[in-house]
Structure formats: C-alpha cells, structure tokens
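No lab work stands behind these numbers, since they all come straight from the coordinates. What you see is a predicted model, and the numbers here were worked out from it, not measured in a lab. Glycine also receives a Cβ, built like all others from the backbone with ideal geometry; neighbour counts cover every protein chain displayed.
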Amino acid sequence: MEGYTDMKKVMSYWMEGEINNFIKVWLSVYVSLSYCYLSGKIVPKGTRRLISFLPVVGLFLLLPLKLHSMHLGGLTAFFIAWLANFKLLMFAFNNGPLSEPSLSLPRFLAIACLPIKLQNSQSENKNQISQTEKGHKSLLNYAIKGLLLALLIKIYDYTDYIHPTIMLGLYCFHVYFCLEITLAIAAAMARAMLGAELEPQFNEPYLSTSLQDFWGRRWNLMVSRILRPTVYVPVLSWSTNILGRKWAPLPAIMSTFVVSGLIHELIFYYLGRVNPTWEITWFFLLHGACLMAEIAVKKSVKGRLHLPRIIATIFTVGFAMITGFWLFFPQLLRCKADERAFAEYVAVGAFVKDIFRALTSRVPFSYT
C-alpha cells in the first residue's frame with residue numbers, strides 16, 4: 001500500500017507534533033468553555049450572551065485546523081466545531097443541556113464538548129425511556145465490536161486482493177464500529193468523572209426498519225438531539241403556519257438534513273484539507289428527500305400497509321449502504337482516509353510496543 005514507505009517519519013509526527021498540538025487545542029477548549037460558563041452566570045440570555053459567545057464559536061471553527069490526523073483531528077472537529085458550537089448557541093438563549101442552572105463547571109465542560117447528555121430523572125415521554133433502555137449495551141457487546149474492528153484493520157493488509165466494492169462495505173462497518181467504540185469510551189470517562197448515567201449514542205443502526213427509524217432513533221443520537229432544537233423545531237414552527245400541522249414536518253426534516261450535510265462538508269474539510277465537491281451534501285439531501293417521501297406515504301396509508309420487519313431492515317440498511325458507496329465514502333477515499341487511518345494504527349501500535357519493550361527491559365524509553 002502506498003503511503004507507508006517512511007513509517008518512522010509518520011510515527012514521529014504522530015507521537016510528537018500531533019499529540020502536542022492535541023493537548024494545546026484541548027487546553028484552549030477548556031479555557032474557552034470556562035469563560036462561557038462564567039459568562040452565562042453574568043450575561044443575561046439573548047443577543048448579549050450570544051455576542052459574548054461568538055469569539056469562542058469562531059475559535060472552535062479554527063482550532064481543528066491545528067490537527068491533521070484522522071482520529072484526533074476528526075474527533076476534535078466533531079466535538080467542538082459541531083457539538084460544542086451548537087450547544088453554545090442554544091445556551092446563549094438559555095436552551096439545551098448547558099442551560100441547567102445547577103451544572104457545576106466540570107459537568108459543564110464535559111457536556112459542552114463531549115457527545116453526552118445527562119439523563120433526566122423523568123424522561124420526556126415513554127418513547128425516550130424505551131430508547132434509553134435499548135441503548136445500554138453490555139461490555140461483551142463492545143468487546144465483540146472491538147474485536148471486529150481489529151479484524152477489519154488486519155484485513156486491510158490484503159486490500160490488493162479484495163474487490164473495491166467489498167472494501168467500501170468494510171469501510172461502512174469500520175466507521176460504525178470506530179464511532180460507537182470511541183463515543184462509548186468518551187461516555188464511560190464522563191460517567192466515571194461525573195458519577196451520572198448518560199444517554200446512549202447509538203442503538204444498533206443495522207436493525208433499522210425505516211429511514212425514520214435509522215436517523216431518528218438509532219444513528220448518532222447525540223446529533224439528532226442537537227439538530228432537533230436548533231433546526232427542526234424552529235422550521236417546524238414556521239412551516240406550521242404555512243402548511244398546517246400535517247405537512248409542516250416535511251420542510252423541517254429537509255432543513256435538518258441540509259444543515260447536517262453542510263456540517264459534514266466542514267468536517268470532511270478538516271479531515272482532508274481539500275475543497276468540497278458537495279457529494280456529502282447531496283447524500284444528505286437524498287436521504288432527506290427519501291425520508292420526506294417515506295413519511296408522506298405513511299400518512300397516506302395510515303398504518304394499513306406494513307413490510308415484514310426483515311424485509312424493511314434489508315431495504316433500509318441496503319439503501320443507506322448503497323448511497324454511502326455512491327456519495328459518502330468516495331469522499332473519504334479522496335483524502336486518503338483509509339491510508340492515513342491505517343498509518344495511525346501502525347504508529348500507535350509501534351509506540352505501545354516500544355514502551356512495553358522499554359519497561360520490560362528496564363531501559364530508559366526514548367522515541368527517536
């Protein structure tokens with residue numbers, strides 16, 4: 001595989017420059033969020049608080065440019081440029097998870113920049129309770145997914161012998177396993193620090209029976225909880241006055257997918273530093289349009305027609321994967337995400353081996 005000819009250079013950059021930048025970026029994040037926490041105590045909600053937050057929002061859009069790795073850089077971009085900024089915008093008007101007046105500074109920092117939300121003592125409705133209960137997984141569940149991720153990484157050694165279409169399918173599972181395990185680790189760390197139960201991030205998306213089920217109740221639930229109050233609800237309120245309550249959700253859904261597509265374009269720019277070609281936005285526009293059609297059909301038949309669960313799951317997951325092959329994953333490959341991610345795995349593995357060797361041989365460790 002091309003791109004690994006000078007692995008020592010890659011390792012040196014990864015372990016020295018990138019991690020140093022990562023620490024500096026997150027120190028800046030915590031200092032900035034501490035300012036927002038204090039500002040929220042002093043400045044009244046509304047335009048004045050929003051203005052006080054805007055420099056931090058701008059900083060959070062710039063900080064990911066300091067990082068270049070797929071894992072540290074990509075996750076940092078997702079956590080601060082998307083999640084933290086949207087939560088701060090809600091907090092400016094005293095909405096969202098940061099608006100709870102009893103939040104301590106450590107909890108504020110964790111909730112602001114991590115994909116977590118503390119559970120309420122009473123869920124808003126029975127549906128949320130059901131989703132939360134289903135979302136909790138055993139350690140065995142995560143262990144199996146961790147082993148499958150390790151197996152996928154090993155399979156990449158044989159990419160020259162595997163059909164490109166099959167590789168795209170493997171990338172689908174790689175992204176899912178990597179996201180779920182990473183977010184679960186972040187949630188577990190926050191749980192240990194905060195001593196509170198946290199809402200789940202994924203709910204087995206490969207069991208989805210419809211696009212509504214996939215995007216609303218199973219895939220990356222933190223993003224759904226962020227986009228709903230910031231995009232969906234305001235557009236829904238506006239469109240209700242024009243279209244009526246029956247059809248008002250449709251433009252609200254499309255608006256949500258448009259915003260999601262644009263934010264994903266930004267995240268992909270952080271990953272690859274290449275100008276967008278807008279396939280990612282078209283991916284979300286396509287799914288938004290299909291979800292609107294799905295809801296319209298459901299309203300028309302009024303529950304009189306149901307596909308068998310296994311057929312509905314095959315159609316839903318198949319549609320998500322095929323459209324991902326077409327519009328989503330080619331953009332990851334365009335910025336050589338697979339090669340860079342593999343190089344990072346190798347770098348970390350070599351670093352751990354060197355540390356272990358140094359400890360067991362009682363020789364002072366020096367990474368040169």
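Using the Karplus equation 6.51 cos²θ - 1.76 cosθ + 1.60 (θ = phi - 60°), what ³J(HN,Hα) coupling, rounded to whole Hz, does each residue of segment 38-46 give in order, writing x for Gly and Pro?
The phi angles translate into 5, 4, x, 7, 9, 8, x, 4, x Hz.
Give K24/K45; K41/K66; K45/K66; K246/K299 a once-over and call out the pairs whose C-alpha atoms are over 20 Å from each other.
Going by Cα-Cα distance, K24/K45; K41/K66; K45/K66 fall outside the 20 Å limit.
Where does each of H68, H163, H306 land when they are ranked from fewest to most other beta-carbon atoms within 10 angstrom?
Fewest to most other Cβ atoms nearby, the residues stand as H163, H306, H68.
Starting from 0.36 nm per residue, how many nanometres of slack lie between N275 and S99 once their C-alpha separation is accounted for?
So the extension gain works out to 59.7 nm.
Assuming R0 = 51 Å, what is the FRET efficiency of N20 and H306, from their Cβ-Cβ distance, to the nearest 0.05?
Once the sixth-power term is evaluated, E becomes 0.35.
At what distance in nm do the modelled label points of M193 and L59 sit from each other, each positioned 7 Å from its Cα along Cα→Cβ?
1.7
Short version: ³J(HN,Hα) in whole Hz for each residue of segment 167-184, in order, from phi by Karplus 6.51 cos²θ - 1.76 cosθ + 1.60 (θ = phi - 60°), x for Gly and Pro, what are they?
After applying 6.51 cos²θ - 1.76 cosθ + 1.60, I find 4, 4, x, 5, 5, 4, 5, 4, 4, 5, 4, 5, 5, 5, 5, 4, 5, 5 Hz.
Classify segment 264-320 as rounded, prolate or oblate, taking a ≥ b ≥ c as the square roots of the eigenvalues of its Cα gyration tensor: rounded when a/c is under 1.5, otherwise prolate if a/b is larger than b/c and oblate if not.
prolate
Under a point-charge model restricted to the Cβ atoms of Lys and Arg (+1) and Asp and Glu (-1), what is the dipole moment magnitude of segment 265-354 relative to its Cα centre, in debye to the nearest 20?
It comes to approximately 540 debye.
Scan around W247 for amide H atoms under 5 Å from its own, H built in the peptide plane at 1.01 Å from N, and keep only partners 5 or more places away or cross-chain.
Answer set, sorted by chain and number: none.
Classify segment 203-335: rounded, prolate or oblate, from the alpha-carbon gyration tensor (a ≥ b ≥ c, eigenvalue square roots; a/c under 1.5 rounded; otherwise prolate if a/b is larger than b/c)?
Oblate, because a/c is 1.5 or more while a/b does not exceed b/c.
State the extension gain, in nm to one decimal, for the chain segment bounded by E294 and L333, taking 0.36 nm per residue of separation less the distance between their alpha-carbons.
Additional length available on full extension: 11.0 nm.
Select from A150, A187, G169 the residue farthest towards the positive end of the dipole of segment 134-201; place +1 on Cβ of Lys and Arg, -1 on Cβ of Asp and Glu, and compute about the Cα centre.
The listed residue farthest towards the positive side: A187.
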